[in-house]
Amino acid sequence: MLILAAIPLGNPGDATTRLKEAIASAEFIAAEDSRRFGRLCAELGVHYEAKVYSFFEGNENERLEPLLEILASGKDLLVVTDAGMPGISDPGYRLTREAIARDIPIRVLPGPSAVTTALLFSGLPTDRFCFEGFLPRTSGARITTLEKLAREERTMIFFEAPHRLLESLQDIQSVLGDDRLGAICREMTKTYEETIRGSIEELTQWAKDHEVLGEITLVIAGFDVSQVIHTAADLVEMVLAREGQGESRKEAIAEVAKVTGIAKREVFDVMVAHKGAGRMSQ
């Protein structure tokens with residue numbers, strides 16, 4: 001069986017009983033950093049006799065077959081990352097995918113998650129959110145990614161390296177604007193835990209003024225459709241474009257109303273006025 005276990009983000013007190021039992025009873029463990037894993041076990045007071053394999057981004061592909069051979073032999077394999085859940089921007093996804101393809105059973109030991117912890121710290125809407133992992137390292141690729149997310153209505157969550165935080169925030173500001181709300185969550189559950197909330201402009205200024213250290217999770221508010229002002233001409237153009245794609249006027253008006261958040265009756269009245277203006281000009 002492949003066992004994927006969540007590891008505390010920083011505070012060892014967040015370790016679950018199931019995690020401790022799994023470590024103590026494991027024969028084989030794949031750990032992102034074997035030294036950090038050893039320190040965690042010492043903090044937890046958990047003794048283990050398992051053979052530990054290093055399993056990190058740099059060697060993930062070459063480690064897959066040896067780890068799958070362990071599973072194919074009928075042995076259990078416990079997979080842990082440095083913090084949080086394996087496979088979430090950490091090694092684990094490819095191994096899980098291959099295990100499923102080979103009909104190897106999977107067990108997940110849930111626990112701490114930087115994604116949901118930061119979401120709650122941010123104070124931003126939690127009903128709908130998306131996790132986007134790490135933004136690209138280069139500015140050009142980052143901006144391209146952010147442009148695709150510019151009208152994403154869900155709260156967005158990113159991981160970011162401390163030395164790239166300012167550059168990423170500057171690109172976010174250039175694409176999403178000064179006023180979009182967000183939060184920088186730093187060192188969650190650790191001694192120097194800190195959350196900075198405010199507009200993108202304020203978060204960017206904070207990053208300029210401070211030496212940024214530790215693990216960073218960035219939370220950005222989604223696009224607010226209600227803040228967009230649509231003129232009558234905009235609505236007419238949107239309805240006519242949909243009609244040009246084969247929709248009936250009724251369908252086009254309903255879809256435009258849905259997309260813009262404007263009442264169908266208002267969109268209908270705009271189209272009636274447009275039709276009347278067209279007659280008068282003839």
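Here are the numbers:
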read-out: Scan of region 72-82 for residues that are surrounded by fewer than 18 Cβ atoms within 10 Å (Cβ to Cβ) and in contact with an Asp or Glu (Cβ under 8 Å, 6 or more places away or on another chain), ordered by number; value: Lys75, Asp82
read-out: For Ile172: the one exception among (1) among the β-branched types (Val, Ile, Thr); (2) under 19 Å from the mean Cα position of the chain (by Cα); (3) not assigned by TED's automatic domain parsing to the domain that holds Leu135; value: (3)
read-out: Residue under evaluation Leu120, criteria (1) touching a residue at least 12 places away in the same chain (Cβ under 8 Å); (2) under 30 Å from Ile200 (Cα atoms), criterion not met; value: (1)
read-out: Output for region 83-122, where each listed residue is small (Gly, Ala, Ser) and surrounded by 13 or more Cβ atoms within 10 Å (Cβ to Cβ); value: Ala83, Gly84, Gly87, Ser89, Gly92, Ala99, Gly111, Ser113, Ala114, Ala118, Ser122
read-out: Every residue from region 149-195 that is of a type in the set (A, V, I, L, M, F, W, C) and assigned to a helix (DSSP H, G or I); value: Leu149, Leu165, Leu166, Leu169, Ile172, Val175, Leu176
read-out: Condition broken by Leu213, with the remaining ones in (1) out of contact with any strand residue (DSSP E or B) (no Cβ under 7 Å at 6 or more places or on another chain); (2) in a helix (DSSP H, G or I); (3) within 25 Å of Pro8 (Cα to Cα); (4) among the aliphatic types (A, V, I, L, M) satisfied; value: (2)
read-out: Residues of region 19-74 satisfying the condition of being of a type in the set (Gly, Ala, Ser), touching a strand residue (DSSP E or B) at 6+ places or on another chain (Cβ under 8 Å) and outside any helix (DSSP H, G or I); value: Ala26, Ala30, Ala31, Ala50, Ser54
read-out: Test: Gly198 is over 17 Å from the mean Cα position of the chain (by Cα), part of a helix (DSSP H, G or I) and free of Cβ contacts under 8 Å to residues at least 24 places away in the same chain; value: no
read-out: Selection within region 140-180 - touching a residue at least 24 places away in the same chain (Cβ under 8 Å), polar (S, T, N, Q) and under 20 Å from Val115 (Cα atoms); value: Thr155, Ser168
read-out: Residue match in region 135-144 (condition: in the same structural domain as Ala221 (by TED's automatic domain parsing), among the hydrophobic types (A, V, I, L, M, F, W, C), out of contact with any Lys or Arg (no Cβ under 6 Å at 6 or more places or on another chain) and not in a strand (DSSP E or B)); value: yes
read-out: Residues located in region 233-282, provided they are among the hydroxyl-bearing types (Ser, Thr, Tyr) and at pLDDT below 85; value: Thr260, Ser281
read-out: Residue match in region 207-223 (condition: within 23 Å of Asp90 (Cβ to Cβ), under 17 Å from the mean Cα position of the chain (by Cα), modelled with pLDDT under 95 and not polar (S, T, N, Q)); value: yes
read-out: Index of the failed condition, Ala42 passing every other in (1) surrounded by fewer than 18 Cβ atoms within 10 Å (Cβ to Cβ); (2) aliphatic (A, V, I, L, M); (3) within 29 Å of the chain's Cα centre (by Cα); value: (3)
read-out: Index of the failed condition, Gly246 passing every other in (1) over 33 Å from the mean Cα position of the chain (by Cα); (2) assigned to a helix (DSSP H, G or I); value: (2)
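Every residue, every condition in (1) surrounded by 16 or more Cβ atoms within 10 Å (Cβ to Cβ); (2) within 25 Å of Glu69 (Cβ to Cβ); (3) in the same structural domain as Lys75 (by TED's automatic domain parsing), yes or no:
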| site | (1), (2), (3) |
| --- | --- |
| Thr17 | no, no, yes |
| Ala26 | yes, yes, yes |
| Phe37 | yes, yes, yes |
| Ser54 | no, yes, yes |
| Glu57 | no, yes, yes |
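The values are calculated or read from the model by the stated rules, or taken from the named source; none is laboratory data. These numbers were taken from a predicted model, which means no experiment stands behind them. Methodologically, a virtual Cβ is constructed for each residue, glycine included, from the backbone with ideal geometry; neighbour enumeration extends over all protein chains shown.
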